[in-house]
Amino acid sequence: MTLQEILKAQGLSEEQIQTITGEMGKNKVFIAREENLDIRYKELQSKFDGKDKENKEATALIEQLKKDNATNEAMQTKITEYQANMTSLQTELEQTKVDTALKVALLEAKAVDVDYLTYKIKSGNDKIILDDNGKIKGLEATLEDVKKQYPTQFKTESPGKKVDENTLPDGDHGDNNTNPKTLAEALQQNYESKQE
């Protein structure tokens with residue numbers, strides 16, 4: 001059950017619900033499906049900061065080893081291989097950051113199939129770039145374009161009209177049912193209609 005549904009069950013009007021959820025957003029009070037998300041985020045952030053510090057220290061050590069062992073060919077080859085590996089891992093880390101930011105933004109926009117929309121956005125002509133805060137640059141425009149291109153991929157909370165389906169009960173519907181049951185009956189009905 002969503003927050004809006006809970007508030008509605010408590011007897012609040014749509015206007016009151018929108019006011020409450022709007023104020024929550026302004027005051028940076030967010031609701032997530034996961035429990036203790038703020039604690040888990042802080043833990044992951046501290047782990048990331050530690051790995052980033054280790055990466056900087058390793059890079060400084062490599063530079064120092066290069067200077068100290070400028071004549072050692074085997075060491076230089078290993079260092080070059082390690083640097084290439086580090087560059088590859090750094091690129092992979094940046095791509096993971098972009099993917100994560102994009103998926104979080106799509107979830108917040110109430111996307112139905114996040115992986116499909118992520119693929120569609122990434123396969124576009126524009127390169128996705130993160131700003132200093134880890135947010136995607138031009139995110140609002142990108143989301144608006146995607147919502148226009150794929151409107152069925154987003155949940156809408158608009159109170160649309162519900163249509164009651166009035167279907168006939170199963171069973172014998174009389175002799176009015178002229179739909180053929182086999183190919184032979186269909187061909188015979190087609191032949192008979194042409195004869196008339």
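List the residues whose amide H sits under 5 Å from the amide H of Phe154, counting only those 5 or more places along or on another chain, with H placed 1.01 Å from N in the peptide plane.
Result for Phe154 returns Val112.
Just how large is the dipole of the range 1-141 about the Cα centre, in debye to the nearest 20, putting +1 at every Lys and Arg Cβ and -1 at every Asp and Glu Cβ?
Values: 21 positive and 26 negative charges, 22 e Å.
It works out to roughly 100 debye.
At 0.36 nm per residue, minus the direct Cα-Cα distance, what do Gln45 and Asp131 gain on full extension? Give it in nm, one decimal, please. Mind showing how you got there, number by number?
Values: separation 86, 0.36 × 86 = 30.96 nm, distance 1.69 nm.
Separation in residues times 0.36 nm, less the Cα-Cα distance, equals 29.3 nm.
Would you check the accessible area of Leu3, probe 1.4 Å, heavy atoms only, in square angstrom rounded to 10?
Counting only protein heavy atoms, Leu3 exposes about 50 Å² to solvent.
Using only protein heavy atoms and a 1.4 Å probe, report how much of Glu5 is accessible, in Å² to the nearest 10.
My reading of the accessible area for Glu5 is about 100 Å².
So for Leu65, Leu102, Leu187, what's the accessible-area order with a 1.4 Å probe, most first?
Values: Leu65 60, Leu102 5, Leu187 110 Å².
Accessible-area ranking of Leu65, Leu102, Leu187, largest first: Leu187, Leu65, Leu102.
Of the cross-linked pairs Lys26/Lys127; Lys42/Lys135; Lys53/Lys103; Lys51/Lys148; Lys42/Lys78, which ones have a Cα-Cα span greater than 28 Å in the structure shown?
Numbers: Lys26/Lys127 30 Å; Lys42/Lys135 17 Å; Lys53/Lys103 26 Å; Lys51/Lys148 40 Å; Lys42/Lys78 36 Å.
Long pairs (Cα-Cα over 28 Å): Lys26/Lys127; Lys51/Lys148; Lys42/Lys78.
What does a probe at Asp52 reach in the range 101-143, counting residues whose amide N is under 13 Å from the point 7 Å along Cα→Cβ?
Those under the cut-off are 131-135.
Residues of the range 1-142: accessible area per residue at 1.4 Å, in Å²? Don't jump to the answer; show the numbers that get you there.
On the way: 11360 Å² over 142 residues.
That works out to 80 Å² per residue.
The values are calculated or read from the model by the stated rules, or taken from the named source; none is laboratory data. These numbers were taken from a predicted model, which means no experiment stands behind them. A quick note on method: Cβ atoms are made from the backbone with ideal geometry, for glycine too, and the neighbour counts reach across all protein chains shown. Heavy atoms of the whole protein, side chains included, go into the accessibility calculation; ligands, DNA and RNA do not. Shrake-Rupley method; radii C 1.70, N 1.55, O 1.52, S 1.80 Å.
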